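The values are calculated or read from the model by the stated rules, or taken from the named source; none is laboratory data. Treat the numbers as computed from the prediction; the structure is a model and nothing was measured. In this analysis, Cβ positions are derived from the backbone assuming ideal geometry, glycine residues included, and neighbour counts consider all displayed protein chains. Heads up: the accessible areas ignore ligands, DNA and RNA and are worked out on the full protein's heavy atoms, side chains in. Shrake-Rupley method; radii C 1.70, N 1.55, O 1.52, S 1.80 Å.
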Amino acid sequence: MRRLLCANFSRLGKDMLFWSGVAVMALFSLYWVSQNPAGEPADSMFFYHTLILPFALAAICALFIGTEYSDGTLRNKIVAGHTRSHVYFANQITCLAAGAALGLTSVFIIAALGAPLFGFEKDGTTRLICFMSLSFLNMAAFASLFTLMGMLIQNKSSASVALLMSLVAIFALAVALNMRLEQPEFLRGSGAETTPNPAYMTGMPRQVSEILFDALPSGQAINLFQMKAPDPVRMAACSLSEILISTLLGVLVFRKRDIR
């Protein structure tokens with residue numbers, strides 16, 4: 001396992017797509033700091049990357065794992081005596097590390113440049129730790145899902161398209177759900193009069209929509225971008241469940257996979 005990780009991290013360190021992703025996160029972070037005319041605290045921008053990181057990470061994971069298939073590296077690892085489980089876990093850990101590097105790049109630049117200019121929110125340490133933890137779990141859920149798809153789709157072009165299309169689909173679903181959940185309960189009419197909003201969801205449909213929104217990694221990414229966590233325990237539980245289920249499913253299927 002250690003040798004697999006060393007080989008993977010060596011490859012990742014030379015991967016131009018990975019460094020391009022780091023550069024993209026850095027540029028967006030510089031942009032966010034420069035576009036903060038209201039002077040919001042620096043830590044309020046820490047989680048803006050949650051909407052961009054999944055797309056950069058999807059491309060990195062798909063091509064990193066796909067190259068292992070196309071170059072025969074993955075097959076050679078198995079021939080050399082490494083178990084399929086270890087090969088899978090090594091790739092998953094590498095994807096997790098790549099995602100962590102992208103996220104930390106953004107946070108570091110915003111902290112280094114934004115803190116001297118805007119400072120940090122007072123008495124926000126506990127809240128910040130909560131959001132940091134949820135952000136990491138959200139990234140880990142994305143990385144685990146990307147590893148699952150990347151390891152099961154042997155063609156890197158097909159894997160890249162499948163990952164990005166799936167990502168667009170779940171973000172579109174999350175945006176649609178968020179628009180419904182954000183509907184106000186009452187609409188303001190003329191003067192101070194208000195009327196019930198027919199688009200406002202209540203009862204069971206609202207509860208189901210809220211659970212589905214938290215279950216979607218894209219839904220959590222939207223909440224984190226807005227620094228909202230209506231139910232942090234449920235958000236953490238959903239991310240952990242996705243990590244566990246996708247990992248177990250990936251390992252079980254990959255063990256029986258015919259490697260070309």
Starting from the Cα-Cα distance between Asn76 and Leu104, subtract it from 0.36 nm times their residue separation and give me the gain in nm to one decimal. 6.8 nm
Given a 1.4 Å probe, how much area per residue of the chain is accessible, in Å²? 50 Å²
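Restrict the search to segment 1-75; then list the trypsin sites (Lys or Arg not before Pro) that DSSP places in a loop and that have at most 15 other Cβ atoms within 10 Å of their Cβ.
Working: sites: Arg2, Arg3, Arg11, Lys14, Arg75; in loops: Lys14.
Within segment 1-75, the qualifying trypsin sites (Lys or Arg not before Pro) (loop, at most 15 other Cβ atoms within 10 Å) are Lys14.
Find the percent of Cα-Cα distances in the chain that exceed 28 Å, and round it to a whole number.
Numbers: 14022 of 33670 pairs.
Above the 28 Å cut-off, the chain has 42 percent of its Cα pairs.
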Within segment 122-176, which trypsin sites (Lys or Arg not before Pro) sit in a loop by DSSP and count at most 16 neighbouring Cβ atoms inside 10 Å? Lys122
If you plug each phi of segment 229-245 into the Karplus form 6.51 cos²θ - 1.76 cosθ + 1.60 with θ = phi - 60°, what whole-Hz ³J(HN,Hα) values come out, in order, with x for Gly and Pro? 9, x, 9, x, 5, 5, 4, 5, 5, 5, 5, 4, 5, 5, 4, 5, 5
Could you run the Karplus curve 6.51 cos²θ - 1.76 cosθ + 1.60 with θ = phi - 60° over segment 4-16 and give me ³J(HN,Hα) per residue in whole Hz, x for Gly and Pro? 4, 5, 4, 5, 5, 5, 5, 5, 4, x, 9, 7, 5
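If you wrap a convex hull around the Cα atoms of segment 1-107, how much volume per residue is inside, in Å³?
Values: hull volume 9.5 nm³, N = 107.
So the per-residue Cα hull volume is 89 Å³.
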Using the Karplus curve 6.51 cos²θ - 1.76 cosθ + 1.60 with θ = phi - 60°, work out ³J(HN,Hα) for each residue of segment 247-258 in order, rounded to whole Hz, and write x for Gly and Pro. 5, 4, 5, x, 5, 4, 6, 5, 4, 9, 6, 7
Val233 versus Asp15, label points 7 Å from Cα toward the beta carbon: distance in nm? 3.7 nm
Assuming R0 = 41 Å, can you tell me the calculated FRET efficiency for the pair Ile129 and Glu193, based on Cβ-Cβ distance, to the nearest 0.05? 0.40
Placed amide H near Leu187: partners under 5 Å, 5+ positions off or other chain: Thr195, Asn197
Could you please state, rounded to a whole Å, how far the C-alpha centre of segment 66-89 is from the C-alpha centre of segment 245-260? 12 Å
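Need one word for segment 135-178: rounded, prolate or oblate. Basis is the Cα gyration tensor (sqrt eigenvalues a ≥ b ≥ c); a/c below 1.5 gives rounded, then a/b vs b/c decides. Provide the component values of the computation, followed by the final result.
Details: a/c = 3.58, a/b = 1.40, b/c = 2.55.
The shape class here is oblate.
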Could you give the length gained on full extension between Leu173 and Ala112, defined as 0.36 nm per residue of separation minus the Cα-Cα distance, in nm? 18.5 nm
Can you pull the percent of the chain's accessible area that's carbon plus sulfur, 1.4 Å probe, other chains left in place? 67 percent
Ordering 77-85, 242-250 by per-residue average of other C-beta atoms within 10 angstrom, highest first, gives 242-250, 77-85
